[in-house]
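The values are calculated or read from the model by the stated rules, or taken from the named source; none is laboratory data. Please read these numbers as outputs of a predicted model, since none were measured by experiment. Every residue, glycine as well, gets a Cβ built from its backbone with ideal geometry; the counts of neighbours run over all protein chains shown. Heads up: the accessible areas ignore ligands, DNA and RNA and are worked out on the full protein's heavy atoms, side chains in. Shrake-Rupley method; radii C 1.70, N 1.55, O 1.52, S 1.80 Å.
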Amino acid sequence: MAFRGILILILLVFVAHRISAKSIVCYYASWSAWRPGRAEFQVEYINPHLCTHLLYSFFGVDDTGRVTVLDPWLDLDDGLGNIRRFNELRNINPSLKTLASIGGASVDSALFSTIAASPTLRTTFARNVREFCQLHRFDGADIDWEYPGSHEGDNVFYDKANFVLMLAELARELHGHGLLLSAAVGASEYIAASAYDIPGVAFYSDFINLMAYDFNGAWNDWTGHNAPLYAGPSDQNDFQRTLNVNHSVNYWISQGAPAAKLMLGVPTYGRSFTLANAAQNSLRAPAIGPGYEGPYTQNPGYLAYLEVCGDFLPGTGWTRVWEPVQRIPYGFFGNQWIGYDDQESFAEKCRFINAYNLGGAMLWAIDMDDFAGYCGTNFGLLQVLNNCL
């Protein structure tokens, strides 16, 4: 009887672990295959055991509701066969789920709005998404409309309701064929209040990828962290105090999103600025524009972690500051300033996920992590999530 009791206890512990396990949703930016030097990222560099879901970014859509391939030479078997190679990662980890992410910056918000406003186009789009997933052997689709209500046009005032109608049609089509549906959404209350019927989005989505970053950037004339966990003493008004992970998550939950469906977005990049005065280098210091572009991402005001961690190695001249209230690092060197995430801030956000019992984490994007271990452990940020979740 004692032995049987031990077996039952072991089984209960195993079941409890399986129930409480969190998801780790990893976006893969397919264009990273074309990055120069050590930032070039091929599908085969992905460790398929570090993510529960892999999302291939991005595919487009045209005005007929047809899903489009944006880089045929890279993606299709006539060229490099990236999609096939991506989905073959499930041969290494059969538990892995792969999704086709449709939208992002590649799709005009007004185009999504037109599709969502038309019953015929909604049906056509849903059918085309399902057929695209089946043709290319994805396990489902992710819709990244950035953002409902954020464009000019006749339908803009109906985007919030029409987005739910579009998700309903997608859910009917995809779920009817055993496929998954997720939605990538703006996290801040400022965006979410005008863009989303949150209970409706949550009802039809299997999970929600909460883009809890880009709270601050070089579009402002002061420095601010890309993804602070909490409001901080440098925030100067009520609006600035909403630009953080904690406020955003609490807003989504208060508006009807089940915590278990929320995947907290954590960024593998930072936002940089050029300071107006190098001697003023704190949070909310005056800035005159974006920081210098990185050698690999080549985008002013934007640096991948694999670029940042190299710059902040001892002896480079950069000063790293840990902000204890917001639980994030920032750094400065001369007139350059960056607010970014590292392993310490990832651990803080992981504890936040567990404390709120969220569904898991979402990583944008796996290809900007220190995947080759240039600054330490391979996939150093993603490993933090795995160790914690």
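The accessible-area ordering, largest first, of the residues GLU169, GLU344 stands as GLU344, GLU169, per a 1.4 angstrom probe.
Applying a 4.7 Å Cβ-Cβ cutoff to the chain leaves CYS133 as cysteine residues with no disulfide-compatible partner.
Taken about its Cα centre, the chain carries a charge dipole of roughly 1280 debye when the Cβ of each Lys and Arg holds +1 and the Cβ of each Asp and Glu holds -1.
Here the range 28-100 is assigned +1 on the Cβ of each Lys and Arg and -1 on the Cβ of each Asp and Glu. Its dipole about the Cα centre then comes out at about 320 debye. Summary value for the chain: 15 percent relative contact order, contacts being C-alpha pairs under 8 angstrom separated by 6+ residues.
Could you tell me how far the Cα centroid of the range 191-220 sits from the Cα centroid of the range 27-60, in Å? The range 27-60 and the range 191-220 have Cα centres spaced 23 Å from each other. Each 10 Å bin, from zero up to the one with the longest distance, holds this percent of the alpha carbon pairs of the range 77-217: 12, 40, 32, 14, 1.
Distance between the C-alpha centres of the range 244-300 and the range 115-186: 27 Å, rounded to the whole angstrom.
Among TRP31, TRP318, what's the order by accessible area (1.4 angstrom probe), most exposed first? All intermediate terms of the calculation are to be shown ahead of the outcome.
Working: TRP31 110, TRP318 60 Å².
Descending order: TRP31, TRP318.
Other residues with beta-carbon under 13 Å from the beta-carbon of ARG271 carry, at +1 per Lys or Arg and -1 per Asp or Glu, a net charge of -4.
Within the listed set GLY315, GLY289, GLY376, the Gaussian network model of the chain (springs between alpha-carbon atoms below 10 Å) gives the highest mean-square fluctuation for GLY315.
Which listed residue (TRP219, CYS133, SER118) has the Cα farthest towards the positive end of the charge dipole for the chain, taking +1 on Lys and Arg C-beta and -1 on Asp and Glu C-beta about the Cα centre? Farthest along the dipole direction, towards plus: CYS133.
Working with all protein chains in place, sort HIS175, HIS151, HIS247 by solvent-accessible area computed with a 1.4 Å probe, largest first. Please list the in-between numbers first.
Working: HIS175 80, HIS151 30, HIS247 55 Å².
Highest to lowest solvent-accessible surface, that is HIS175, HIS247, HIS151.
Let me have the relative contact order for the range 196-284, percent, based on Cα pairs under 8 Å that are six or more residues apart.
40 percent
Can you tell me the relative contact order of the range 21-106? Whole percent, Cα pairs under 8 Å, sequence separation 6 or more.
Computed over the range 21-106, the figure is 32 percent.
Mind pulling the per residue volume of the convex hull built on the Cα atoms of the range 89-137? Å³ is fine. Don't skip to the answer; put the middle values down first.
On the way: hull volume 4.4 nm³, N = 49.
So the per-residue Cα hull volume is 90 Å³.
Taking all protein chains as shown and a probe of 1.4 angstrom, HIS177 keeps an accessible surface of around 90 Å². Amide H contacts of LEU55 (H built 1.01 Å from N, in plane; Pro and chain starts excluded): CYS26, TYR27, TYR28, LEU99 sit under 5 Å, all sequence-distant by 5 or more or on other chains.
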